[in-house]
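Take a look at the structure set out below.
Readers should treat all values here as calculations from the given coordinates under stated rules, not as data from a laboratory. Computed from a prediction, not measured in an experiment: that's the story for all the values here. Neighbour counts run over all protein chains shown; Cβ positions are idealised from the backbone, glycine included.
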Amino acid sequence: MKLKKEKFKDTEECYMPNGLRIGVYPGSFDPLTNGHLDIIHRASKLFDKLIVAVLHNDSKQAVFTMEERVELIKKCTCDIENVEVDMFSGLLVNYVKKKEAVAIVKGLRAVSDYEYELQMAMLNKHIDKNVETIFLMADIQNSFLSSSIVKELAKNGGNISGLVPEQIIDNINLKLRNTI
Ligand code: ADP
């Protein structure tokens, strides 16, 4: 027990002020889907605080504004006490350090996700060896689900019920109809 404490002493000093274990779940969330929400629920149980961080990405054309995406996530997570919603731009590692988080959370849907996510996790580890990435496997019923599929369906008048949280269905349909 004593040995273990010694080994992790530096990490605890740098990344656990107040003894809080903070996780960051980053993504585009354009918009939030049931797949994302499942990961949020599960990851919130692993950390004292989980920050869902909406990434501003210049190279990805988003349908929802950053503010809209944050609002939709807040609407669906307000009942989870230890979840906070935020936005960021720039390097994820810098954001994680600024928030004094211990780990990045990622969802894995398929083998195709794995290759890219492995690369990103390695890169982040290279930038800062203290930043861990934790992968949660997508629930089988969400493994085909993506924000793009939801947008495509809504844009063409399809039924997105069961794919996104009930409380944001109207927001998504309204937005997508107005962007055609
Ligand atoms: P997308 O790939 O749909 O544009 P995001 O960039 O918003 O999604 O994804 C944010 C995170 O959520 C990533 O780690 C991604 O792997 C994960 N994720 C996306 N969709 C799902 C899903 N259906 N089930 C579990 N995790 C998911």
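The length gained on full extension between ILE140 and VAL111, counted as 0.36 nm times the residue separation minus their Cα-Cα distance, comes to 9.1 nm. Considering only Cα atoms, the convex hull volume of the chain works out to 130 Å³ per residue. Protection proxy ranking, highest mean first, for peptides 29-42, 138-151: 29-42, 138-151, where packing is the per-residue count of other beta-carbon atoms within 10 Å, averaged. All other residues whose Cβ lies under 13 angstrom from that of ARG109 are scored, Lys and Arg at +1 and Asp and Glu at -1, for a net of -4.
The distance from the alpha carbon centre of region 136-169 to that of region 17-86 is 16 Å, rounded to a whole number.
Helical runs (DSSP H, four residues minimum) scored at -39500 (n - 2.57) apiece and divided by the length of the chain put the mean residue ellipticity at 222 nm at -13000 deg cm²/dmol. Each residue of region 109-115 is assigned a 3J(HN,Hα), and the resulting list reads 8, 8, 4, 4, 5, 4, 4 Hz, derived from the Karplus form 6.51 cos²θ - 1.76 cosθ + 1.60 (θ = phi - 60°), x at Gly and Pro. Of the cross-linked pairs LYS49/LYS125; LYS74/LYS97; LYS60/LYS129; LYS155/LYS175, those separated by over 19 Å at the C-alpha level are LYS49/LYS125; LYS74/LYS97; LYS60/LYS129.
In percent, rounded to a whole number, the relative contact order of region 20-143 is 31, using alpha-carbon pairs under 8 Å and six or more apart.
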